[in-house]
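The values are calculated or read from the model by the stated rules, or taken from the named source; none is laboratory data. Given the structure is predicted, the values throughout are model-derived calculations rather than measurements. Reconstructed Cβ throughout: ideal geometry from the backbone, glycine too, with neighbour counts over all protein chains shown. Side chains are part of the model used for accessible areas, which takes the heavy atoms of the whole protein and leaves out ligands, DNA and RNA. Shrake-Rupley method; radii C 1.70, N 1.55, O 1.52, S 1.80 Å.
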Amino acid sequence: MTIDAARNPHPIYFAGAFATGGLLTFMVHLNGELARYGNPLFSSWTAHGTGMVAAIILLLLVHRRRRPTPKQSLRAPLWAYLGGLSGAATVMLTSTTVNSPLGLSGTLALGLAGQVVFSVAADSWGLFGMQKRHPDRRDIVALGLVVAGAVLIILFGRGAA
């Protein structure tokens, strides 16, 4: 994918990303509720256990009896399986912070700021086999605005302590 194509994606990608943000907010809230009545580890086990059951059901529904062609049987790099560890840590940490004075909006604002900072770094350094893409002035300004927005939500938001 070229940089120009990445800067002008199809509108369906914007809708999907926006919907994902709403689902993420809902998930963090539900995981926080589980952690409040149990603990963060229980919240993580429950979230990943129900996700596993949902994935198995989905696989059974869409499974085709064809044998994979050699092109389809490529293996993911071993480091790609670390997503499960970061997912478990994310659920436990957000389950803890959402029940703190940060609340849901503070947790998600700081989480978004962390995602953007790490994403710009990953693009810049070409991490995970991605093509290097050095940030330009617009990327830096956008990064500053996201971090400033997180600070505003936490320090001056309705739920500020």
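As an exercise: evaluate residue 132 against (1) in a helix (DSSP H, G or I); (2) modelled with pLDDT of 90 or more and give the number of the one condition it does not meet.
If we test residue 132 against (1) in a helix (DSSP H, G or I); (2) modelled with pLDDT of 90 or more, just (1) comes out false.
Which of (1) of a type outside the set (A, V, I, L, M, F, W, C); (2) in contact (Cβ under 8 Å) with a residue 12 or more places away in the chain; (3) loosely packed, with under 13 Cβ neighbours inside 10 Å does residue 133 not meet, given it meets every other one?
Checking residue 133 against (1) of a type outside the set (A, V, I, L, M, F, W, C); (2) in contact (Cβ under 8 Å) with a residue 12 or more places away in the chain; (3) loosely packed, with under 13 Cβ neighbours inside 10 Å, the one that fails is (3).
List the number of the failed condition for residue 69; all other conditions in (1) under 30 Å from residue 123 (Cβ atoms); (2) polar (S, T, N, Q); (3) modelled with pLDDT under 80 hold.
The single condition residue 69 does not satisfy is (1).
Just to be sure before I move on: is residue 144 among the small types (Gly, Ala, Ser) and farther than 27 Å from residue 105 by Cβ in the structure I sent?
no
Please indicate, with yes or no, whether at least one residue in the stretch 102-124 is part of a loop (DSSP other than H, G, I, E, B) and surrounded by 14 or more Cβ atoms within 10 Å (Cβ to Cβ).
yes
Residues 155, 74, 85: which one is open to solvent by 100 Å² or more (accessible area, probe 1.4 Å), outside any helix (DSSP H, G or I) and modelled with pLDDT under 90?
74
Restricting attention to the stretch 103-117, which residues are among the hydrophobic types (A, V, I, L, M, F, W, C) and either touching a residue at least 60 places away in the same chain (Cβ under 8 Å) or over 18 Å from residue 32 (Cβ atoms) (or both)?
104, 108, 113, 116, 117 - these are the residues of the stretch 103-117 that are among the hydrophobic types (A, V, I, L, M, F, W, C) and either touching a residue at least 60 places away in the same chain (Cβ under 8 Å) or over 18 Å from residue 32 (Cβ atoms) (or both).
Those residues that are touching a residue at least 24 places away in the same chain (Cβ under 8 Å) and assigned to a loop (DSSP other than H, G, I, E, B), I need them from the stretch 3-38; list them, please.
none
Can you say whether residue 79 is open to solvent by 100 Å² or more (accessible area, probe 1.4 Å), modelled with pLDDT under 90 and aromatic (Phe, Trp, Tyr), as far as the supplied structure shows? Spell out the reasoning first.
Details: open to solvent by 100 Å² or more (accessible area, probe 1.4 Å): yes; modelled with pLDDT under 90: yes; aromatic (Phe, Trp, Tyr): yes.
It is true that residue 79 is open to solvent by 100 Å² or more (accessible area, probe 1.4 Å), modelled with pLDDT under 90 and aromatic (Phe, Trp, Tyr).
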